[in-house]
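Below: one structure, written as structure tokens.
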Amino acid sequence: MEKPLMIALDFDDLAAVTAFLDRFPDPSQLTVKVGMELFYQAGPAIITDLKKRGCDIFLDLKLFDIPNTVRQAMAQIGQLGVDYVTVHSLGGSAMLKAAKEGLEIGATKAGVHVPALLAVTELTSISDEVLKNEQHAALPMQDQVLALAQMADQAGCDGVICSALELITLNAHLRPDFLFVVPGIRMQEDQTGDQVRVASPDQAAADGAKAIVVGRPITKANDPVAAWRRYQSAWQG
């Protein structure tokens with residue numbers, strides 16, 4: 001199975017998503033990420049539409065609350081039939097375990113597969129300075145991300161969201177089938193935007209990423225299909 005390149009559908013509404021996906025000859029080849037902006041506007045209808053197109057779906061809502069609230073929310077999300085979902089690892093191990101329980105409850109109720117649970121470690125917009133001076137973390141970035149990833153693994157998560165800069169460390173300390181999903185992916189010629197810890201697709205692949213997330217370099221391109229193929233080629237090697 002090929003490692004997925006996840007396209008971040010950072011659009012305002014369903015109509016914009018439809019116009020974007022209609023440019024692809026076969027959307028069933030795509031793995032797409034639905035984030036907060038789109039889901040809060042379109043709701044579960046966007047998931048229904050994407051499933052009809054045959055897309056694999058990464059629902060990226062980054063839940064972060066007390067364990068009971070997260071469990072109940074994940075019991076709803078687990079019924080949608082998506083493939084990946086996210087929580088914040090900083091919510092702690094009890095919250096991560098509750099998220100997994102909720103997903104299993106919801107998926108069982110709906111008779112669908114249980115989505116892979118991915119824990120966000122540190123956002124790719126967080127720099128070492130912010131980690132130290134605003135989050136007041138005692139650990140340097142590499143050690144902070146590793147500690148969060150190990151906690152997520154022990155709590156039952158299937159993988160983590162991390163930057164490419166932590167991949168070598170994570171691969172050395174976590175099981176081979178643990179998923180490392182990497183946002184902040186940019187070709188050298190593309191702007192980094194608000195991302196700080198970035199890498200190219202081929203660098204992420206070489207360092208052990210299991211999936212990458214690419215948004216604006218594809219969605220804002222004059223020819224999104226050509227941009228997707230360019231990133232896909234670099235990623236798959």
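Listing for the model above:
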| item | result |
| --- | --- |
| Filter pass, L103 being touching a helix residue (DSSP H, G or I) at 6+ places or on another chain (Cβ under 7 Å) and surrounded by 17 or more Cβ atoms within 10 Å (Cβ to Cβ) | yes |
| Subset tally (residues that are out of contact with any Ser or Thr (no Cβ under 7 Å at 6 or more places or on another chain), part of a loop (DSSP other than H, G, I, E, B) and open to solvent by less than 20 Å² (accessible area, probe 1.4 Å)) for segment 111-126 | 2 |
| A138, sole failed condition from (1) among the small types (G, A, S); (2) crowded, with 18+ Cβ neighbours inside 10 Å; (3) not in a helix (DSSP H, G or I) | (2) |
| Tabulated pairs, segment 209-232, first farther than 19 Å from A164 by Cβ, second of a type in the set (K, R) and open to solvent by 20 Å² or more (accessible area, probe 1.4 Å), C-beta under 7 angstrom, 6+ apart or interchain | P224/R23; V225/R23 |
| Residues of segment 15-66 that turn out to be in contact with a Ser or Thr (Cβ under 8 Å, 6 or more places away or on another chain), under 30 Å from G91 (Cα atoms) and of a type outside the set (V, I, T), as a count | 8 |
| Segment 153-166, residues that are at pLDDT 95 or above, surrounded by 14 or more Cβ atoms within 10 Å (Cβ to Cβ) and not β-branched (V, I, T) | D153, A155, G156, C157, D158, G159 |
| Single residue of segment 65-103 satisfying the filter (assigned to a loop (DSSP other than H, G, I, E, B) and of a type in the set (A, V, I, L, M)) that is farthest from H113 (Cα to Cα) | I66 |
| Boolean, Q150 is at pLDDT 95 or above and open to solvent by 40 Å² or more (accessible area, probe 1.4 Å) | yes |
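The values are calculated or read from the model by the stated rules, or taken from the named source; none is laboratory data. Predicted model, so just to flag it, every value in this text is computed and none were measured. Every residue, glycine as well, gets a Cβ built from its backbone with ideal geometry; the counts of neighbours run over all protein chains shown. Just so you know, the surface numbers come from the protein's heavy atoms only, side chains and all, with ligands and any DNA or RNA stripped out. Shrake-Rupley method; radii C 1.70, N 1.55, O 1.52, S 1.80 Å.
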